[in-house]
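Please read the structure below before turning to the comments.
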Amino acid sequence: MDDDALLAEQMAYYKAGAAEYDRPYAECEDLQELLDVVDELPIAGDVLELACGTGQWTPRLAARAHSVTAVDVAAEVLALARARTASPTVRFLEADLLEWQPPRRYDTVFFAFWLSHVPPARLPAFWDTVAAALAPGGKAIFIDDGPAAAAGEEVLANQPAPAALRRLDDGSQYRIVKVFHDARALTDDLTALGWSVRIRPVAESFIGIAEPPPTAGKEAATATPASNVPSH
């Protein structure tokens, strides 16, 4: 697709910048408050965390879940996530989330600051993957930047998808996909795909809770789930 090169550059950015990944969490009070919001969300059962990064959210999920399967494309950030997360109920996987298909179903699918990195043309397929990952009655819970956060980014024009420029401490720079979703428009888009969704703004971010189309639940009911016992 036209956005392949942009996605490859985005992947390279997160691999090269793993050591700098946690800086915003240390410096931004809004992010610290968002981390605490996890305790108020309906996270339960077996949890699939997409784009787990360095594991900022993973221990909080593990405290509320039966098990957590945390997936990211970058081995460099996964190494930091493993060091941060001591829970025996957490399993880490390295995979490209735009290509990977979950081998089993989960009660909760969680992703923080990942949706904005999915090109718009790939969103329907991504949401199909999320639906396929959910067990009957399961929920997708997501957190991301709203339009107000664009003021803090170097937004690029004339790209194959909405994009921003990011720089690392060594002076290298990378294009990344960055879509600043409007809560109302995202709600409408997901509703059109058959999802039931509630999105609420929190500072410059938003929190969404979505349930998949009924047909996805029926398909899930026919699948045989894998063992719930995680492995490292």
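The values are calculated or read from the model by the stated rules, or taken from the named source; none is laboratory data. Here the structure is a predicted model, which is why all the values come from computation and not from measurement. So basically every Cβ, Gly included, is an ideal-geometry build from the backbone, and we count neighbours across all protein chains shown.
Scanning segment 152-183 for residues that are closer than 16 Å to PHE142 by Cβ and in contact with a strand residue (DSSP E or B) (Cβ under 8 Å, 6 or more places away or on another chain) turns up VAL177, LYS178, PHE180, HIS181, ALA183. Of everything listed in (1) in a helix (DSSP H, G or I); (2) among the aliphatic types (A, V, I, L, M); (3) modelled with pLDDT of 95 or more, the single unmet condition for ALA135 is (1). Just name the residue that is nearest to PHE126 (Cα to Cα) out of those in segment 166-210 that are assigned to a strand (DSSP E or B) and of a type in the set (Lys, Arg). Selected residue: ARG198. Of all the residues in segment 45-60, those that are touching a helix residue (DSSP H, G or I) at 6+ places or on another chain (Cβ under 7 Å) and assigned to a loop (DSSP other than H, G, I, E, B) number 6. Screening segment 54-73 for residues that are crowded, with 24+ Cβ neighbours inside 10 Å and small (Gly, Ala, Ser) and picking the one that is farthest from the chain's Cα centre (by Cα) gives ALA65.
Taking segment 107-159 as the range and being at positive phi and hydrophobic (A, V, I, L, M, F, W, C) as the test, only PHE113 passes.
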